[in-house]
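Heads up, the thing below is written out as structure tokens.
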Amino acid sequence: MPRPRPVTPPPFRETGYDPAAPVYDLEYPECDGAELNFWITEGRRFGPRLLEFAVGTGRIAIPLSRQGFRVTGVDSSAAMLRRAAARHASLSRTTRARLHLRRGDMRTCRLPETVDLALVGFNSYLLLPDRESRMKTLQNAAIHVRPGGGVAVDVFSATSLDATPDHEEVEFLERDPSTGRRVTRERFYTYDEAAHRGCSTLIYRYYDGPLLVDERRLGYSLALLTRDDVVAEFVAAGLQIDAVHGDYTRQPWRDDSPNLIVIGRAVTR
Ligand SMILES: C[S@@+](CC[C@H](N)C(=O)[O-])C[C@H]1O[C@@H](n2cnc3c(N)ncnc32)[C@H](O)[C@@H]1O
């Protein structure tokens, strides 16, 4: 058996999500199944007006708007929003009218909308650089929610494995549909002990036949938060805890749960 070659991770640098935009939808297809049902149930519980912070290319927001929810999506990445806008343009006229996309920072954006539920899905809350940023985000969500409305955060449940460095090389994409090029992804994962964050560098390589024609690098880090961290942040942001789920089927959160989904209620405005 050949020995695996030692792999040195490249120096870690946060890039923002622009480099991921061309391939994001291939890697993460539209939300469906249990995840979508979860958000539909929450939307029915709180009301039809939703705000999604870190909407990306609309993976969650688009199917929710198809289900009849009025969704405003905010994201800081121009390239991710351009993909979302292209998908928006291909929706039916009635669905299109229910989905609004805005460029902004989830910590600071101010929108004219008042909504029934504000959500930060799919680990995006962990991208925020520190506790202060997360608190600002929760407070900002609460500002946009009607009294008694909901604020929800869905992140993965951190485990001791998240402190283990990792490397994978995956030829996960068939073709980039816009160019017809084959795309591969190489991922390096390191753990920043001082910041208690998991740092990922993803290198996307684009091939024309055997020829490497483009290479883009995405660097992002995720805070490794416990249940108690997130619950404490909700409470400190003035939100009342409504539920803490461990997965999309609403099992109570446990140490080995895949997800940590915290739902809060805005008590006052
Ligand atoms: C993992 S993607 C998730 C996108 C989408 N919610 C989904 O489920 O596919 C994370 C998104 O968060 C956005 N983001 C990161 N920091 C942000 C911030 N401070 N304000 C707004 N968007 C932010 C990125 O631009 C990126 O589109």
For this session: Tell me, yes or no, whether segment 101-118 has at least one residue that is surrounded by fewer than 23 Cβ atoms within 10 Å (Cβ to Cβ), of a type in the set (A, V, I, L, M) and out of contact with any Lys or Arg (no Cβ under 7 Å at 6 or more places or on another chain).
Result: yes
Problem set entry | Filter result for Asp192 (out of contact with any Asp or Glu (no Cβ under 9 Å at 6 or more places or on another chain) and farther than 30 Å from Val7 by Cα) | no
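Conditions tested, residue by residue: (1) assigned to a helix (DSSP H, G or I); (2) within 30 Å of Asp242 (Cα to Cα).
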residue	(1), (2)
Leu117	no, yes
Pro129	no, yes
Lys136	yes, yes
Asp154	no, yes
Glu168	no, no
Arg175	no, no
Phe188	no, no
Tyr191	no, no
Seminar exercise, completed: If you go through Arg250, Arg197, Arg185, the only one that is more than 30 Å from Ala141 (Cβ to Cβ) and of a type in the set (D, E, K, R) is Arg185
For this session: Taking Ser92 as the residue in question, decide whether it is over 20 Å from Gly150 (Cα atoms), more than 15 Å from the ligand (Cβ to nearest atom) and not assigned by TED's automatic domain parsing to the domain that holds Arg216.
Result: yes
Exercise. Which one of these does Asp105 not meet: (1) within 13 Å of the ligand (Cβ to nearest atom); (2) in a helix (DSSP H, G or I); (3) out of contact with any helix residue (DSSP H, G or I) (no Cβ under 6 Å at 6 or more places or on another chain)?
Worked result: (2)
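Among the residues of segment 112-128, is there at least one that is acidic (Asp, Glu) and within 14 Å of the ligand (Cβ to nearest atom)?
no
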Exercise. Going through segment 40-61 one residue at a time, which ones are of a type outside the set (Ser, Thr, Tyr) and more than 10 Å from the ligand (Cβ to nearest atom)?
Worked result: Ile40, Glu42, Gly43, Arg44, Arg45, Phe46, Gly47, Pro48, Arg49, Leu50, Leu51
Exercise. With respect to the numbered conditions (1) within 15 Å of the ligand (Cβ to nearest atom); (2) surrounded by 13 or more Cβ atoms within 10 Å (Cβ to Cβ), which one is the sole condition not fulfilled by Thr190?
Worked result: (1)
Exercise. Which condition number in (1) more than 9 Å from the ligand (Cβ to nearest atom); (2) β-branched (Val, Ile, Thr); (3) in contact with a helix residue (DSSP H, G or I) (Cβ under 7 Å, 6 or more places away or on another chain) is the one that Thr72 fails?
Worked result: (3)
Exercise. Considering only segment 20-65, how many residues are in a loop (DSSP other than H, G, I, E, B) and not β-branched (Val, Ile, Thr)?
Worked result: 11
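Residues checked against (1) under 28 Å from Tyr191 (Cβ atoms); (2) free of Cβ contacts under 8 Å to residues at least 24 places away in the same chain; (3) crowded, with 18+ Cβ neighbours inside 10 Å:
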| position | (1), (2), (3) |
| --- | --- |
| Thr8 | yes, yes, no |
| Arg13 | yes, no, no |
| Asp25 | no, no, yes |
| Leu51 | no, no, yes |
| Ala61 | no, no, yes |
| Val74 | no, no, yes |
| Ala86 | no, yes, no |
| Ser90 | no, yes, no |
| Arg93 | no, yes, no |
For this session: Would you confirm whether any residue within segment 54-63 is at pLDDT 95 or above, of a type outside the set (Ser, Thr, Tyr) and closer than 19 Å to Gly264 by Cα?
Result: yes
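The values are calculated or read from the model by the stated rules, or taken from the named source; none is laboratory data. These numbers were taken from a predicted model, which means no experiment stands behind them. Here the Cβ is made from the backbone with ideal geometry for all residues, glycine too, and neighbour counts use every protein chain on show.
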